[in-house]
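Notes for the one structure printed next.
None of the figures in this text is laboratory data; all of them are computed from the coordinates on show. Just so it is clear, the structure is predicted and the values come from calculations on it, not from any experiment. Note: ideal-geometry Cβ built from the backbone for every residue, glycine included; neighbour counts use all protein chains shown.
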Amino acid sequence: MKAVWFNQCGDAAEVLQYGDMEVPEPGPGEVLVRLRTSGVNPSDVKKRAGLQPAGFEDGFVIPHSDGAGVIEAVGMGVPEEKIGARVWVYQAQYQRHWGTAAQYIVLPALRAARLPDQANFEVGACAGIPMMTAHRCVFADGAPKGKTILVTGASGRVGFYAVQWARRAGATVIGTAGSEARCEQARQSGAEHVLNYQQDDLVDAIEEITHGQGVDRIVDVEFGLNIELSSQVLKTGGVVASYSSSKNMNPEIPFYSLMFKNITLELVLVYNMPDSAKMQAEQDIYQALTEDALVHRIAKKFPLAQTAKAHAAIEHGGLDGCVVVEID
Ligand SMILES: NC(=O)c1ccc[n+]([C@@H]2O[C@H](COP(=O)([O-])OP(=O)(O)OC[C@H]3O[C@@H](n4cnc5c(N)ncnc54)[C@H](OP(=O)(O)O)[C@@H]3O)[C@@H](O)[C@H]2O)c1
């Protein structure tokens, strides 16, 4: 099979290799998936660059956790009826060597979720990290129906889906973005209110939108930069569900401002969120895709042989949506 791999961390163009590998065989409880797409996310790029543990002490890593394709074979204990099923896969390269940047992957059957016919394989490649992370941030603290939720970075890959999960579940959403063009992206997610975090006075604007009540929850992409704002605009008993703090990795928190409001900090890592939450996300994703109820954005596509360029695109940033590697 054709595959992309790296043996050491470093610059994408230098360490990512493209070539032939043996097709793996499914063991007990596993499935063999013929992949059609591979999703590229910041964590894949950070692992390859050596900024996060890549999950290997020796040998190769085939990068990327997300992807989609068709089950071609099953291991012992997995029903044969699964053969031929369209699936999206997740956590492929979490604490494992074998990611989705390859024509084939073997992984636990649990990590291959049904992809409805209404969704193409590109959309399937966005389900694992962008859709699931957003789902967890929106639902971790109970049903959001009737709540007001602030989604920072509503134009981002995760934020864009967070707005949609929250709206679908009956919440009112205020989104933020960093330029007029990005605000326009955020509006396409369905957010009722969109604020420009570079220009608007967010505290005043949120107070006006919420008639002085504040927001119930925040789904936050830059915890450290936004925690002061969060402490000001949350209601008593509110929640910050944050999945990233990349621009301030060791933030100080306004402890007493948060404590006096009984604020819950919900820090989310999609890879090891509870299995029950993964199952719930799978079900909700299946339902939403079947209804064709979500807006998806594929910002860039690359052939497998050009995976290094896909990594560079993620590193460069500023994309309106997901980056997908297409696999012949
Ligand atoms: N914990 C997890 O499980 C998990 C899962 C997925 C991703 N992540 C991490 O989450 C981060 C974002 O991932 P992504 O794929 O969604 O990236 P992305 O598409 O590049 O989105 C990043 C977003 O952050 C916004 N942003 C930057 N500074 C901001 C600020 N001060 N206030 C509000 N918004 C701000 C950007 O808004 P503008 O472009 O409009 O300025 C953009 O929408 C990455 O660090 C990634 O590693 C973590």
Beta carbons within 10 angstrom, averaged per residue: use that to sort the peptides 287-296, 65-74, highest first.
65-74, 287-296
For the pair HIS97 and ARG34, the simple spin-label estimate (label points 7 Å beyond Cα toward Cβ) gives in nm 2.5
Of the peptides 19-25, 123-129, how do they stack up when ordered by the mean number of other Cβ atoms within 10 Å, highest first?
123-129, 19-25
Which FRET efficiency value, to the nearest 0.05, do you get for ALA312 and ASP275 by plugging their Cβ-Cβ distance into 1/(1 + (r/R0)^6) with R0 = 45 Å?
0.85
Once the Cβ-Cβ distance between VAL23 and ALA143 is put in as r, and R0 is 56 Å, what FRET efficiency do you end up with, to the nearest 0.05?
0.80
Quickly work out the GLU72-to-LYS2 label distance, labels modelled 7 Å from Cα along the C-beta direction, and quote it in nm with one decimal.
1.4
Taking K and R as +1 and D and E as -1, what net charge do the other residues with C-beta under 10 Å from the C-beta of ALA241 add up to?
-1
Place the peptides 147-158, 274-285 in order of packing, highest mean first, counting for every residue the other Cβ atoms within 10 Å and averaging per peptide.
147-158, 274-285
Between ASN196 and ASN120, take the C-beta separation as r, use R0 = 35 Å, and let me know the FRET efficiency to the nearest 0.05.
0.60
Taking 8 Å as the Cα distance limit and 6 or more residues as the minimum spacing, I'd like the relative contact order of the chain as a percentage.
18
